[in-house]
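Okay, structure first, notes after.
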Amino acid sequence: MRMRNAAAAAAVALALAATATACGGEKGTAGDKPKGGELYEGSYTVAKDVKLDSPALKAAQKRGKIIIGAKADQPFLGFADTDGKRSGFDIEIAKMIAADLGFSADKITWKTVDTNVRETSISKGQVDYYVGTYTINDERKKQVGFAGPYYQAGADLLVRKDEKGITGPDSVKGKKVCSIVGSTPLQEIKKPKYGAETTELSKYSLCVKQLLDGQVDAVTTDDAILKGYAAQRPSKLKLVGKPFTEEPYGVGMNKNDKVLRNAITDSIEKHIKNGDYKKAYEGTLGKSGSSYVAPKTPLPRY
Ligand code: GLU
């Protein structure tokens, strides 16, 4: 191939790959574990000789591995494929932080921690920190520490492509809406003013399966998560597109480890400023239709 055609050929190959990714979920049976696709994977400069008075970091240095809690069934955000390979925006954020703490990607032990067990897992020290669509709020701050917000999502509704009746949270009266135990969007949609009939499961992918199978009428959680599922099954699913809560994402860690919290806050700020954040965003979440918004810095400290 002549050189001047190489770029064009590469672009075509990329476009084809993107199409294959977007349609990947179509081939499986409803509820198959969706494919995260070929997403951006950044490489981040690994800090040397990090000395911080953080109990979690000291323990990680001793074991030679940092344990990071993440989601595994959220394409474009936090996803593990069948080989256990992780991809997505949250995964990139987690890797940037690990690098600043002195851990390269091969020194990360990923631990899948779903919504309903996050606080327990973090406070028991089962993970050193957690990056997984984790909304910062006062209730959770009683149990865990948060660095961020590094992203702002909002609860939305995912419905079947042919759905006409559900146009927003004000039209779910008497409808079956699926969400996840321990999540903020579930708490919201359970409010009597909406009149929804809820199905409460442990993983979003299970809700999506029920939606595809016709057992529920909608799935509610953050728009960023739902866009990932819709992007994988564009002929079957769509977003309503009317966010009705604010979900600022934070990195969770032990509540008393203020040194780690500050170090993680520094790290997020650094990667927002040096452009790593934007690159990661555009190569992951950006591909499922979330448009880029620069997070506000400086981040809050407490
Ligand atoms: N961001 C929301 C929450 O933290 C929903 C997403 C999730 O369950 O991780 O509850």
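Whether any residue in the stretch 282-294 is over 19 Å from Val131 (Cβ atoms), modelled with pLDDT of 95 or more, of a type outside the set (S, T, N, Q) and not in a strand (DSSP E or B) is what I want to check. For the stretch 282-294, residues over 19 Å from Val131 (Cβ atoms), modelled with pLDDT of 95 or more, of a type outside the set (S, T, N, Q) and not in a strand (DSSP E or B): absent. For the stretch 120-139, the tally of residues that are farther than 19 Å from Glu188 by Cα and part of a helix (DSSP H, G or I) stands at 4. Evaluate the stretch 21-35: report whether one residue or more is modelled with pLDDT of 95 or more, among the aliphatic types (A, V, I, L, M) and surrounded by fewer than 20 Cβ atoms within 10 Å (Cβ to Cβ). No, every residue in the stretch 21-35 fails to be modelled with pLDDT of 95 or more, among the aliphatic types (A, V, I, L, M) and surrounded by fewer than 20 Cβ atoms within 10 Å (Cβ to Cβ). Restricting attention to the stretch 192-212 and to residues that are more than 16 Å from the ligand (Cβ to nearest atom) and not aliphatic (A, V, I, L, M), the residue that is nearest to the chain's Cα centre (by Cα) turns out to be Lys209. Any residue in the stretch 140-162 that is part of a helix (DSSP H, G or I), within 15 Å of the ligand (Cβ to nearest atom), at pLDDT 95 or above and more than 14 Å from Ile68 (Cα to Cα)? Yes; the residues of the stretch 140-162 include at least one that is part of a helix (DSSP H, G or I), within 15 Å of the ligand (Cβ to nearest atom), at pLDDT 95 or above and more than 14 Å from Ile68 (Cα to Cα).
Results for (1) among the small types (Gly, Ala, Ser); (2) surrounded by fewer than 18 Cβ atoms within 10 Å (Cβ to Cβ), shown as yes or no for each residue.
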| residue | (1), (2) |
| --- | --- |
| Met253 | no, no |
| Asn256 | no, yes |
| Val259 | no, yes |
| Ala280 | yes, no |
| Arg301 | no, yes |
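Residue-level check: of (1) within 30 Å of Asp100 (Cα to Cα); (2) modelled with pLDDT of 95 or more; (3) surrounded by fewer than 18 Cβ atoms within 10 Å (Cβ to Cβ), Gly241 misses just (1).
Cβ-Cβ contacts under 8 Å between residues 6 or more apart (or on different chains), taken from a first residue in the stretch 172-184 that is within 16 Å of Phe244 (Cβ to Cβ) to a second residue that is among the charged types (D, E, K, R) and near the ligand (Cβ under 8 Å from one of its atoms), are listed as Thr184/Glu247.
Scanning the stretch 124-157 for residues that are surrounded by 16 or more Cβ atoms within 10 Å (Cβ to Cβ) and over 16 Å from the mean Cα position of the chain (by Cα) yields Val127, Asp128, Arg140, Val144, Gly145, Leu157.
For the stretch 95-117, a residue qualifies if it is within 28 Å of Glu38 (Cβ to Cβ), within 14 Å of the ligand (Cβ to nearest atom) and outside any loop (DSSP other than H, G, I, E, B), and the qualifying residues are Thr112, Thr115.
Residues that are surrounded by fewer than 24 Cβ atoms within 10 Å (Cβ to Cβ) and either under 15 Å from the mean Cα position of the chain (by Cα) or assigned to a loop (DSSP other than H, G, I, E, B) (or both) within the stretch 163-179 comprise Glu163, Lys164, Gly165, Ile166, Thr167, Gly168, Lys173, Gly174, Lys175, listed in sequence order. Report yes if some residue within the stretch 93-110 is under 20 Å from the mean Cα position of the chain (by Cα), closer than 19 Å to Ala224 by Cα and surrounded by 24 or more Cβ atoms within 10 Å (Cβ to Cβ); otherwise report no. For the stretch 93-110, residues under 20 Å from the mean Cα position of the chain (by Cα), closer than 19 Å to Ala224 by Cα and surrounded by 24 or more Cβ atoms within 10 Å (Cβ to Cβ): present. From the list Ile225, Ile264, Ile189, the lone residue that is over 25 Å from Ile67 (Cβ atoms) and either surrounded by 17 or more Cβ atoms within 10 Å (Cβ to Cβ) or more than 16 Å from the ligand (Cβ to nearest atom) (or both) is Ile189.
If the condition is being aromatic (Phe, Trp, Tyr) and not in a helix (DSSP H, G or I), then the stretch 198-255 contributes Phe244, Tyr249.
For beta carbons closer than 9 Å, sequence separation of 6+ or different chains, a first residue in the stretch 284-302 that is under 30 Å from Asn254 (Cβ atoms) and a second that is in a helix (DSSP H, G or I) and polar (S, T, N, Q), the qualifying pairs are Pro298/Thr265; Leu299/Thr265; Pro300/Thr265; Arg301/Asn262; Arg301/Thr265.
The values are calculated or read from the model by the stated rules, or taken from the named source; none is laboratory data. Predicted model only: the values in this text are computed from it and were never measured. Reconstructed Cβ throughout: ideal geometry from the backbone, glycine too, with neighbour counts over all protein chains shown.
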